[in-house]
Amino acid sequence: MYHEKYTGLTCEGLVTQLVDARHKLADFSDRQDTKANVDAGGVFLALIPVSAFTGDYEGDVAQWKGEVQAIETAQIINKCKNI
């Protein structure tokens with residue numbers, strides 16, 4: 001029921017939230033891809049993934065995927081057009 005935090009918004013508000021959430025998802029996805037590429041190089045050179053020491057963005061990607069899905073669900077519930 002994560003979408004409930006968005007169902008009180010207008011359709012225009014949901015579009016704004018969705019654009020922002022998709023932007024953040026794309027940003028963290030790009031960061032995660034970069035980390036994965038660095039890890040591949042680290043494993044090749046040192047047999048240790050760099051993210052083992054620095055962390056990654058997997059949790060952020062999952063969070064923003066959930067936000068996007070919640071907003072899209074709220075749009076359906078609110079019967080917004082052009083979703």
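No value in this document is a laboratory result; all are computed from the given coordinates. Here the structure is a predicted model, which means the values were calculated and not measured. Neighbour counts are summed over all protein chains in view; Cβ atoms, including those assigned to glycine, are modelled from backbone coordinates with ideal geometry.
Overview of results
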item	result
Net charge contributed by nearby residues that have their C-beta within less than 12 Å of residue 78 (K/R +1, D/E -1)	-1
Distance (nanometres) between label positions extended 7 Å along Cα→Cβ at residue 81 and residue 7	2.4
Neighbourhood charge, 13 Å Cβ-Cβ cut-off, centred on residue 68 and excluding it, Lys, Arg +1 and Asp, Glu -1	-2
Surrounding net charge for residue 6, when Lys and Arg each add one and Asp and Glu each subtract one, Cβ distance under 13 Å	-4
Gain in span if fully extended, residue 24 to residue 65, counting 0.36 nm per residue against the direct Cα distance	13.8 nm
